[in-house]
Each structure stands twice: as C-alpha cells, then as structure tokens.
Amino acid sequence: MCKEAALHYDKMLRNPYHMPPLVEKRHWCRWCCKERRARLMFCVRDGPINYYFCDTEHAEYWLEYRHKVPTYELCRMLPQQRMVELQGRSMEEEISRLLNDEVTAGCNSTPGLRDIHSR
Ligand SMILES: [Zn+2]
C-alpha cells in the first residue's frame, strides 16, 4: 500500500461513519468451543447475554446440562479452561462420565444398593 492510500485508509478508520466491516464478528460455541462467524451461529438470548452455538442441537445440550449439579461447572468454563479439563475428550464423553460418577457415588453412599444392582 502506498503512503497516500495508507493515510486515506487511516483517516477512514478513524471516522466511525466510514468504518468498513473489516473483521466479521466471531463467537465460540458454548458447547463444543468451535469458533465461527456470528451470523452462521444459533443465538440464544438469556436476559442481557447472548449465547452462541453451532446449531440447535448444541444449544439444547448446553441448556440442559448447565443446570445439572455434576455438569454445570464444565458448561460455564471458558474454552481454554475447558480444553485443559477435557484433555482431548469430547463434551458428550465428559458429561456422560460426570453423570455416571454421580450415579456411582450415590450407590456407594447407600450400603447394599450396589449388591441389588449386580443381581
Ligand atoms: Zn458447537
């Protein structure tokens, strides 16, 4: 870009009325953390906050599991934190693991219940 063009471009950027849409807004899916262009995503409005998802399926999963005790923390995590937590597993795998853990823990706290299940 020549100097004149650069100056013109700079001026244009400073003027909010001439601001071109340089970068299209992107969001990450609250369920699988994949980043996509906002207009291609499914948006759920919850009060003042917009939550974005790849599709309705991911939105449904998230809306269901964000209120369950063993899984709500995972659903609230930001992508980086969640990547560490998942260690390569998918959200579906991790959620079913967490739910299974809860069921098993419930069985352990009631003596004899496990014996009934194994028969
Ligand atoms: Zn997704």
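Read the figures in this text as sums done on the coordinates, not as results from a lab. A quick note: this is a predicted structure, and the numbers were derived from the prediction, not measured. Quick reminder, even Gly has a Cβ in these numbers, built from the backbone with ideal geometry, and neighbours come from all protein chains shown.
Let me check I've understood the local charge: for Lys3, count other residues with C-beta under 15 angstrom from its C-beta, Lys and Arg +1, Asp and Glu -1. What total comes out? Kindly include the intermediate steps, with their values, before the conclusion.
On the way: positive: Lys11; negative: Glu4, Asp10.
Neighbour charge sum, excluding Lys3 itself: -1.
Which shape class, rounded, prolate or oblate, goes with segment 61-100 when its Cα gyration tensor gives a ≥ b ≥ c as root eigenvalues, a/c under 1.5 marks rounded, and past that a/b bigger than b/c marks prolate?
Values: a/c = 1.93, a/b = 1.27, b/c = 1.52.
It is oblate, given that a/c is not under 1.5 and a/b is not larger than b/c.
Once fully extended, how much extra length lies between His8 and Lys68, figured as 0.36 nm per residue of separation less the alpha-carbon to alpha-carbon distance? Mind dumping the intermediate values first?
On the way: separation 60, 0.36 × 60 = 21.60 nm, distance 5.43 nm.
Full extension of this stretch gives 16.2 nm more.
Which of rounded, prolate or oblate describes segment 38-82 when judged by the alpha-carbon gyration tensor and an a/c cut-off of 1.5?
Details: a/c = 1.69, a/b = 1.51, b/c = 1.12.
Cα axes put segment 38-82 in the prolate bin.
What value does segment 8-89 have for Rg/Rh, both radii from Cα atoms and Rh as Kirkwood defines it? Before the final figure, lay out the partial values.
Details: Rg = 16.8 Å, Rh = 14.7 Å.
Ratio of gyration radius to Kirkwood radius for segment 8-89: 1.14.
Cβ neighbours within 10 Å, averaged per peptide: list 88-100, 2-14, 51-63 in order, most packed at the top. Don't skip to the end; give the middle numbers.
Working: 88-100: 13.5, 2-14: 9.8, 51-63: 17.0.
In descending order of packing, they fall as 51-63, 88-100, 2-14.
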